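J.: So that we are looking at the same thing, I have put the structure below in structure tokens.
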Amino acid sequence: MSGKSDGTSTKSKTGHGGACAVQNRIDSLVALLSEHSYRYYVLSQPTISDAEYDELFRELQGLEREYPDFVREDSPTKRVGGEPLVGFRSITHEMPMLSLDNAMNEDEIVEFDAQIARLLNRGGMGQDDINYTVEYKFDGVAVSLLYRDGVLERAATRGDGTTGEDVTENVRTIKAVPLQLRGEVVPRGLFEVRGEVLFRKREFEALNAERLKRGEESFANPRNAASGSLRQLDPKETAKRPLWFFAYGLGVVESDEQSILVEVRETLCRSMKFLERLGFSISPHYQAVKGATGLVEQYRRGEADRDALPFEVDGLVIKLDDVKLHKVLGFRQRSPRWAIAAKFKPVEATTILEDVFIQVGRTGALTPVAKLKPVKVGGVVVSRATLHNQDEIDRKDLRIGDTVVIRRQGDVIPAVVAPVTSARTGSEEKFVFPKVCPECGHSVERQEGGAVTRCVNDLCPAKVQNRICHFASRDAMDIEGLGDKVVRLLVENSVISDITSLYRLSVEDVEKLPRMGALSSANLINAIERSKQQDLNRLIFALGIRHVGTKTARLLAHCSKTLDGFLNLSFENLLAIDEIGPETARAVSDFLNNEQEVQMVRRLIDFGVAPKPVVTGAVDTKGTLSGTTFVLTGTYEGMTRKDAETEILKRGGAVASAVSKKTSFVVAGEAPGSKLLKAQALGIPVIGEDELRKMLE
Ligand code: IVH
């Protein structure tokens, strides 16, 4: 045999040798492209750029066009989708595709384990000696993939479990579905892989935005989007949708090769590892666990990690690991006794978008807020959700009166995911963004390229009120008794008009106001007086400069040492500070160059505001806790969370509000919240108050 087979391109077209070279090149291109596709879609570790991939792909397309006889069944060019179909053929599954019973909480999971123990005569509960596998329950569409001698031959939807639809041409377009099985041991004969086709959250949002822009109907959730995409009669349409595939089990296995049988007939764990070697993605955090204890632990972890996944899941699937015992346990009507779906608390619900109103923040930003017909999601009644800005409303094409899908994510404010456009009656109304500030009637402005519309009036009462509230808040000047309601009372009665006027207030001024007694008035004035000596970093944060949060404020205080030092910082000084980017430097410098703002700070000084200069070591990058990030949760016995934070910061440590991979320790007090679960899920060390104290010694 002549011709090149070394993976480089061949242009020779003549003679037997040429044909052979072409075939070799086609073979090696198919192998190369499959390998890169696998690295990208299954391993998430691409080793070539998209452009390089496209170049190889086009070369293969070119050769196949010229030599149609050499086109291979498993060629990646088949993924672009063949001719449109007139309908889907129905297919009878050789082995029915079953459904699962549900466990709705931890007790029901424990009961499932106990039942298995009873059925297997494993003497009673609490022994934790049964092996299970735990994986996510994907929220997509179930499909069966039939391979013959390692090549994808047919794909079918689950349908009613007995009969499904032939969606082979569409499934071929899904990059995470191997057209040819990989690995050293490829099963001969029929080999059926079952799993779920799904949409990832980000790509789902993009798809919906695009559809709405074209005036098409939105999908209510990623599952519907996956199902709709898989049931396109034109496979080229499916090819345009970024669908993914995860394998979760096996169906028919015809092969009688001993090496295959040991892979698939022993334990599920082993068969899933085998599927991975054949080129399939399986559930992230696929795990073998023991007994009810392991199951419950994994259930908590799974739920805590759920939001971080790129796709939707609605629970876990728990399966008995020992395949031989599956037969012993058998089935109950349509579901096996050896598996169960452990559902998570629902986080989505549909409700009515009753109205949209505008909130004006301290920077004057106009934020649209959804007023929703109250609905329970994940155990909490939700009646509002932020809509962020006009673009967001446009992108999602939300209309007043729409039925909408809302979603709660961890402790975050609920979000409106999408309208259910199929539920529209025609009476829904578009929301018209106001041309003037709804609080003061002044004009509003939207910076070019920016998403935020702002009220330009510095005296806008909403802005003034929110600025004062921010100034007095816990992380800022921490003025006790000066919450939202009192600030509103003071502003509405024209007792104060900006933050400086706080320091001119007398007990008599406050006492005159409705619902303010002598004692609370005196307390308030005392609290305001005390705030004059707050720490410099708190004052800097309290000023409400854009992009300056508590952490940046601390950096600024540390670098400038005194209030005067802060007022004298130049743009260059700011840029020179590590961890301060150009955007923040610009915002601070704008503030310091704004005559009105500086005058306001000077007036504060005149009224006796004299923040404590930063004691050396307040942000001590060489401190004992330098490089250590803590997350505080629950209540502590001997100190407040605020005290704990201050002490950690003094030693150069950092305190974050959410648990992430970067967290070093979670300090859990009494009644810790979801942060503890998250920490356990991510394997972050959890310590108690006593251990924290030792670190602070
Ligand atoms: S195993 C006999 N594993 O859930 C076992 N199913 O109610 C049957 N599903 O239609 C399925 N993720 O589409 C299994 N990791 C997973 C799954 C999963 C999602 C779906 C599947 C099926 C339904 C069963």
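The values are calculated or read from the model by the stated rules, or taken from the named source; none is laboratory data. None of the values given here were measured: they were computed from a predicted structure. No Cβ is skipped: glycine too gets one built from the backbone with ideal geometry, and neighbour counts run over all protein chains shown.
J.: Against the definition (at pLDDT 90 or above, surrounded by fewer than 21 Cβ atoms within 10 Å (Cβ to Cβ) and of a type in the set (Asp, Glu)), how does Asp234 come out, yes or no?
T.: yes
J.: Here's a follow-up. Which residue, of Glu572, Glu579, Glu583, Glu529, is at pLDDT 95 or above and surrounded by fewer than 15 Cβ atoms within 10 Å (Cβ to Cβ)?
T.: When all the criteria are applied, what remains is Glu529.
J.: Among the numbered criteria (1) among the hydrophobic types (A, V, I, L, M, F, W, C); (2) surrounded by 20 or more Cβ atoms within 10 Å (Cβ to Cβ); (3) closer than 20 Å to Ala114 by Cα, which single criterion is violated by Leu325?
T.: (2)
J.: Report whether or not Asp355 is part of a strand (DSSP E or B), within 21 Å of the chain's Cα centre (by Cα) and acidic (Asp, Glu). Quick ask: steps written out before the conclusion?
T.: On the way: part of a strand (DSSP E or B): yes; within 21 Å of the chain's Cα centre (by Cα): no; acidic (Asp, Glu): yes.
Criteria not met by Asp355.
J.: With Arg384, Arg395, Arg362 as the choices, which residue is closer than 30 Å to Val548 by Cα and assigned to a loop (DSSP other than H, G, I, E, B)? Lay out the reasoning, then the answer.
T.: Numbers: Arg384 fails: assigned to a loop (DSSP other than H, G, I, E, B); Arg395 fails: assigned to a loop (DSSP other than H, G, I, E, B).
Of the residues listed, the single one that is closer than 30 Å to Val548 by Cα and assigned to a loop (DSSP other than H, G, I, E, B) is Arg362.
J.: Could you say which residue among Asp475, Asp484, Asp509 is modelled with pLDDT under 95, farther than 30 Å from Leu353 by Cα and within 36 Å of the chain's Cα centre (by Cα)?
T.: None of the other options fit; the residue is Asp475.
J.: On to the next question. Considering only residues that are within 18 Å of Gln180 (Cα to Cα) and more than 25 Å from the chain's Cα centre (by Cα), look in segment 277-297 and name the one that is surrounded by the fewest Cβ atoms within 10 Å (Cβ to Cβ).
T.: Arg277
J.: Taking segment 103-119 as the search range and keeping residues that are in contact (Cβ under 8 Å) with a residue 40 or more places away in the chain and not in a helix (DSSP H, G or I), which one is nearest to Ile318 (Cα to Cα)?
T.: Looking at residues that are in contact (Cβ under 8 Å) with a residue 40 or more places away in the chain and not in a helix (DSSP H, G or I), I get Ala103.
J.: Counting only residues that are near the ligand (Cβ under 10 Å from one of its atoms) and not small (Gly, Ala, Ser), how many does segment 127-149 have?
T.: 9
J.: Tell me whether segment 523-534 contains one or more residues that are farther than 21 Å from Val601 by Cβ, without any contact (Cβ under 8 Å) to a residue 60 or more places away in the chain and in contact with a Gly (Cβ under 7 Å, 6 or more places away or on another chain).
T.: yes
J.: From Asp322, Asp305, grab the single residue that is of a type in the set (Asp, Glu) and out of contact with any Lys or Arg (no Cβ under 9 Å at 6 or more places or on another chain).
T.: Asp322
J.: Continuing with this model, one more query. Which condition number in (1) more than 16 Å from the ligand (Cβ to nearest atom); (2) closer than 15 Å to His93 by Cβ; (3) surrounded by fewer than 21 Cβ atoms within 10 Å (Cβ to Cβ) is the one that Phe191 fails?
T.: Single failed check for Phe191: (3).
J.: Can you name every residue in segment 150-163 that is of a type outside the set (D, E, K, R) and either more than 11 Å from the ligand (Cβ to nearest atom) or assigned to a loop (DSSP other than H, G, I, E, B) (or both)? Give the derivation first.
T.: The initial filter retains those residues of segment 150-163 that are of a type outside the set (D, E, K, R), namely 150-152, 155-157, 159, 161-163.
Within segment 150-163, Gly150, Val151, Leu152, Ala155, Ala156, Gly159, Gly161, Thr162, Thr163 meet the criteria.
J.: Now for a separate question. Mind counting the residues in segment 247-264 that are among the hydroxyl-bearing types (Ser, Thr, Tyr) and more than 16 Å from the ligand (Cβ to nearest atom)?
T.: 2
J.: Of the residues that sit in segment 681-697 and are closer than 30 Å to Leu309 by Cα, out of contact with any helix residue (DSSP H, G or I) (no Cβ under 6 Å at 6 or more places or on another chain) and surrounded by 13 or more Cβ atoms within 10 Å (Cβ to Cβ), which one is modelled with the lowest pLDDT? It would help to see each step written out before you state the result.
T.: To start, the set of residues in segment 681-697 that are closer than 30 Å to Leu309 by Cα comprises 681-688.
If we keep only those that are out of contact with any helix residue (DSSP H, G or I) (no Cβ under 6 Å at 6 or more places or on another chain) too, we end up with 682-685, 687-688.
Among the residues that remain, those that are also surrounded by 13 or more Cβ atoms within 10 Å (Cβ to Cβ) are: 682, 684, 687-688.
Numbers: Leu682: 81, Ile684: 85, Ile687: 91, Gly688: 90.
Taking the candidates together, the pick is Leu682.
Results for (1) of a type in the set (Phe, Trp, Tyr); (2) in a helix (DSSP H, G or I); (3) touching a helix residue (DSSP H, G or I) at 6+ places or on another chain (Cβ under 6 Å), shown as yes or no for each residue.
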residue	(1), (2), (3)
Ser427	no, no, no
Pro438	no, no, no
Glu448	no, no, no
Ala462	no, yes, no
Ile468	no, yes, yes
Arg474	no, no, no
Met477	no, no, yes
Leu482	no, no, yes
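J.: A further question follows. Among the residues of segment 164-180, what is the count of those that are more than 15 Å from the ligand (Cβ to nearest atom), charged (D, E, K, R) and under 33 Å from the mean Cα position of the chain (by Cα)?
T.: Total satisfying the criteria: 3.
J.: Inspect segment 314-333 for any residue being more than 14 Å from the ligand (Cβ to nearest atom) and either free of Cβ contacts under 8 Å to residues at least 12 places away in the same chain or under 32 Å from the mean Cα position of the chain (by Cα) (or both) and give the result as yes or no.
T.: Checking segment 314-333: not a single residue is more than 14 Å from the ligand (Cβ to nearest atom) and either free of Cβ contacts under 8 Å to residues at least 12 places away in the same chain or under 32 Å from the mean Cα position of the chain (by Cα) (or both).
J.: Next up: Within segment 60-103, restricting attention to residues that are surrounded by fewer than 18 Cβ atoms within 10 Å (Cβ to Cβ) and among the small types (Gly, Ala, Ser), which residue is modelled with the lowest pLDDT?
T.: Here the residue is Gly82.
J.: Next question. Out of all the residues in segment 334-356, which are among the aliphatic types (A, V, I, L, M) and either within 10 Å of the ligand (Cβ to nearest atom) or modelled with pLDDT of 95 or more (or both)?
T.: Ala339, Ile340, Ala341, Ala342, Ile352, Leu353, Val356 - these are the residues of segment 334-356 that are among the aliphatic types (A, V, I, L, M) and either within 10 Å of the ligand (Cβ to nearest atom) or modelled with pLDDT of 95 or more (or both).
J.: Listed residues Ile406, Ile413, Ile393, Ile400; which is among the aliphatic types (A, V, I, L, M) and more than 23 Å from Leu207 (Cα to Cα)?
T.: Every option except Ile413 fails the conditions.
J.: In this structure, does Gly228 turn out to be of a type outside the set (Asp, Glu) and touching a His at 6+ places or on another chain (Cβ under 8 Å)?
T.: Considered against the rule, which asks whether it is of a type outside the set (Asp, Glu) and touching a His at 6+ places or on another chain (Cβ under 8 Å), Gly228 comes out as no.
J.: In segment 341-348, is there at least one residue being closer than 20 Å to Glu429 by Cβ and surrounded by fewer than 20 Cβ atoms within 10 Å (Cβ to Cβ)?
T.: Looking through segment 341-348, none of the residues is closer than 20 Å to Glu429 by Cβ and surrounded by fewer than 20 Cβ atoms within 10 Å (Cβ to Cβ).
J.: Next up: When you scan segment 495-532, how many residues do you find that are assigned to a loop (DSSP other than H, G, I, E, B), small (Gly, Ala, Ser) and within 20 Å of Gln599 (Cβ to Cβ)?
T.: The number of residues fulfilling the criteria is 1.
J.: In addition: Identify the residue in segment 60-102 that is aliphatic (A, V, I, L, M) and in a loop (DSSP other than H, G, I, E, B) and, among all such residues, is farthest from the ligand (Cβ to nearest atom).
T.: Once the filter is applied, the top-ranked residue is Val71.
J.: Quick check: anything in segment 127-140 without any contact (Cβ under 8 Å) to a residue 60 or more places away in the chain and either small (Gly, Ala, Ser) or surrounded by 22 or more Cβ atoms within 10 Å (Cβ to Cβ) (or both)?
T.: no
J.: If you check Asn221 against the conditions, is it under 24 Å from the mean Cα position of the chain (by Cα), away from the ligand (no atom under 16 Å from the Cβ) and in contact (Cβ under 8 Å) with a residue 40 or more places away in the chain?
T.: In short, no.
J.: Across segment 19-59, what is the number of residues that are in a loop (DSSP other than H, G, I, E, B) and β-branched (Val, Ile, Thr)?
T.: Taking segment 19-59 as the starting set, the residues that turn out to be in a loop (DSSP other than H, G, I, E, B) are 42-49.
Then drop every residue that is not β-branched (Val, Ile, Thr), which leaves 42, 47-48.
Residues that pass the stated criteria total 3.
J.: Where residues in segment 618-634 are farther than 20 Å from Pro685 by Cβ and loosely packed, with under 13 Cβ neighbours inside 10 Å, which of them is modelled with the lowest pLDDT?
T.: Kept after step one, since they are farther than 20 Å from Pro685 by Cβ, are these residues of segment 618-634: 618-622.
If we keep only those that are loosely packed, with under 13 Cβ neighbours inside 10 Å as well, we get 621-622.
Values: Thr621: 53, Lys622: 60.
Across segment 618-634, the extreme among qualifying residues is Thr621.
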